[in-house]
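Below: the structure, in structure tokens.
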Amino acid sequence: MALLYAVRCNFARPDLEAAWNVWYDGPKTAEILAMPLFVSGQRFVASGLDTHRKYLALWVVESADVFTTPEYKAGWGFHEWQDHIRDWSRDLYPAPAGDASAKFAVDDASALHLVSFDGASLAEARALRDRVAAHRPGVTWMEAIGLDRHSPVLGVASVPRGTAPAPLAVGGVQETLFDPISPCVRARAAAT
């Protein structure tokens, strides 16, 4: 079963942010996708609704064993950029059946609509999801199974760019539109 590994953060040094993005989209992404069990990855920048966390990376992995490999342990983290990373979280969710990389890939004409319940308990997040789901058709809902579990439930949908949903008047719900800042890139082993 494929898993969705969601990493969210802010970058605290505007004067270094462009260089950090070049590093993350280039050498860091290549390093991650060369590790065992990584299938694909794509990065996003917040563009609408709740933009308090600016960056999102979605990685599809084959299993939670990815985090115990020697390669992951040796290359983990943001290296020299670590001191500038803020509001960082890592959550792991079971991906829906089928090609998870294609399911979560967002092209330049689209945005990623992310619905989260940051800091809620699982029971609270489930109740909020049930209230929100009727207003958000087409969202894929997943429950966290590992890592920080910062958002115990996460909703993801691809939407046409420029079509932001109206914000919901439901407390405890964070919705963000993210524009892709990199294409969805597949690991070489997974692409064959």
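The values are calculated or read from the model by the stated rules, or taken from the named source; none is laboratory data. No experiment lies behind these values; they were computed from the predicted model shown. All Cβ positions, glycine included, derive from the backbone under ideal geometry; neighbour counts span all protein chains shown. The area values use the complete protein model at the heavy-atom level, side chains included, leaving out ligands, DNA and RNA. Shrake-Rupley method; radii C 1.70, N 1.55, O 1.52, S 1.80 Å.
Report, by residue number, each residue of region 76-125 that is polar (S, T, N, Q) and either within 18 Å of residue 9 (Cα to Cα) or surrounded by fewer than 16 Cβ atoms within 10 Å (Cβ to Cβ) (or both).
82, 89, 116, 121
For region 175-189, which positions are outside any loop (DSSP other than H, G, I, E, B) and either open to solvent by less than 50 Å² (accessible area, probe 1.4 Å) or among the aliphatic types (A, V, I, L, M) (or both)?
Result: 175, 176, 177, 178, 179, 180, 185, 189.
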Legend entry - Residue match in region 13-27 (condition: in contact (Cβ under 8 Å) with a residue 24 or more places away in the chain, surrounded by fewer than 18 Cβ atoms within 10 Å (Cβ to Cβ), aromatic (Phe, Trp, Tyr) and in a helix (DSSP H, G or I)): yes
Inset, instruction - Find all pairs meeting these conditions: Cβ atoms under 6 angstrom apart; at least six residues apart or on different chains; first residue within region 154-181 and under 18 Å from residue 134 (Cβ atoms); second residue basic (Lys, Arg) and open to solvent by 20 Å² or more (accessible area, probe 1.4 Å). - result: 170/131
Inset, instruction - Kindly indicate the residue of region 126-169 that is of a type in the set (Lys, Arg) and either part of a loop (DSSP other than H, G, I, E, B) or over 24 Å from residue 90 (Cα atoms) (or both) and also least open to solvent (accessible area, probe 1.4 Å) among those meeting that condition. - result: 136
Legend entry - Single residue of 151, 121, 182 found to be touching a Pro at 6+ places or on another chain (Cβ under 9 Å) and among the polar types (S, T, N, Q): 121
Inset, instruction - Quickly run through region 27-75 and pick out the residues that are of a type outside the set (Lys, Arg) and within 13 Å of residue 9 (Cα to Cα). - result: 44, 45, 46, 51, 52, 55, 56, 57, 58
Inset, instruction - Spot the failing condition for residue 172; the list is (1) in a helix (DSSP H, G or I); (2) touching a Leu at 6+ places or on another chain (Cβ under 6 Å), and only one is missed. - result: (1)
Inset, instruction - Please note which strands (runs of 3 or more DSSP E) are completely contained in region 43-123 and include at least 3 residues that are in contact with a strand residue (DSSP E or B) (Cβ under 6 Å, 6 or more places away or on another chain), in contact (Cβ under 8 Å) with a residue 40 or more places away in the chain and within 22 Å of residue 134 (Cα to Cα). - result: 110-116
Legend entry - Number of the exception - residue 145 against (1) hydrophobic (A, V, I, L, M, F, W, C); (2) touching a helix residue (DSSP H, G or I) at 6+ places or on another chain (Cβ under 9 Å); (3) under 21 Å from residue 26 (Cα atoms); (4) modelled with pLDDT of 95 or more: (3)
